[in-house]
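Structure, as structure tokens:
What follows draws every value from the coordinates through simple rules; no lab data is involved. Not measured: the values here are computed from a predicted model. A quick note on method: Cβ atoms are made from the backbone with ideal geometry, for glycine too, and the neighbour counts reach across all protein chains shown.
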Amino acid sequence: MILGFNGSPKPDSNLRRIIDMMLKESGKDYRIYDLAQMNIKPCVGCVKCAKNNRCVMEDDMFPLYDEIVESEAIVVGAVVYFRKANGFTHNFLERFFPLRHKKPQIMGKPAVSVAVGGNEAEIVCDEISYHLSSYFNFEILDKLFYNTMTPPCFTCGFGTTCKYGGPARWMSPEEFENFNKVTPDMFQKFETDNQIVKRVKEIGRRLGSI
């Protein structure tokens, strides 16, 4: 069983579809957890988990520990908020803490990191990889990032007039002055990028060869 963890709160997001395609391509049994729909609290730093490698907070993270330990591999995906993995993903990654005490239970387990963002996804993808490998002894099988170049300003309703949003910051004054409409073609889908689709499937096949 391969486990996928989707940090995007949006239904049918690029990130969710990437993880789904990747795991389907593996040909193995898999399960995807949508972290935004789960009650996973942040770590409180009590360190009581050192006793038996399990957190004392019995929220939705609690049953995942056994599944993660027993899995063949995991895929962790985040969306980028302010150059960081978004909160749902960050909370989830914090709660790996019980798995590193005394006898790490996931030593060498294959993992894939995925990040989707406007234009800083590579940074977050690398941070997830570092978190999993350096602190928790996962073996990073591969990593994938996808920059959509689509800011939240395209959906807030004020993107064409707000002087503090992404379009105003990225465009020249002349371009922003002529930017008066957000059109559907401005919302990128990873399926239209042949190189990204190729990479997603390649990683999926690597997961399948474990």
Exposed-loop-free span, longest in the chain, where chymotrypsin sites (Phe, Trp or Tyr not before Pro) count as exposed if DSSP calls them loop and at most 13 other C-beta atoms lie within 10 Å: 1-81
Gap separating the Cα centres of segment 7-37 and segment 50-91, nearest whole Å: 15 Å
What shape does segment 1-100 take by its C-alpha gyration tensor, where a ≥ b ≥ c are the square roots of the eigenvalues and a/c under 1.5 counts as rounded, a/b above b/c as prolate, and the rest as oblate? oblate
What number, in percent, do you get for the relative contact order of the chain if the mean sequence gap of Cα pairs under 8 Å and at least 6 apart is divided by its residue count? 22 percent
Choice from N137, N52, N14 with maximal GNM fluctuation in the chain (Cα, 10 Å cutoff): N52
Between the DSSP loop rule and a limit of at most 14 other Cβ atoms within 10 Å, which trypsin sites (Lys or Arg not before Pro) in segment 158-210 are left? K163, K181, K189
Among beta bridges that DSSP assigns inside the chain, antiparallel share in %, nearest 5: 10 percent
Would you calculate the convex hull of the Cα atoms in the chain and tell me its volume per residue in Å³? 122 Å³
Once you treat every alpha carbon in segment 110-197 as an equal point and sum by Debye, what is log10 I(q)/I(0) at q = 0.16, 0.23 Å⁻¹? -0.74, -1.06
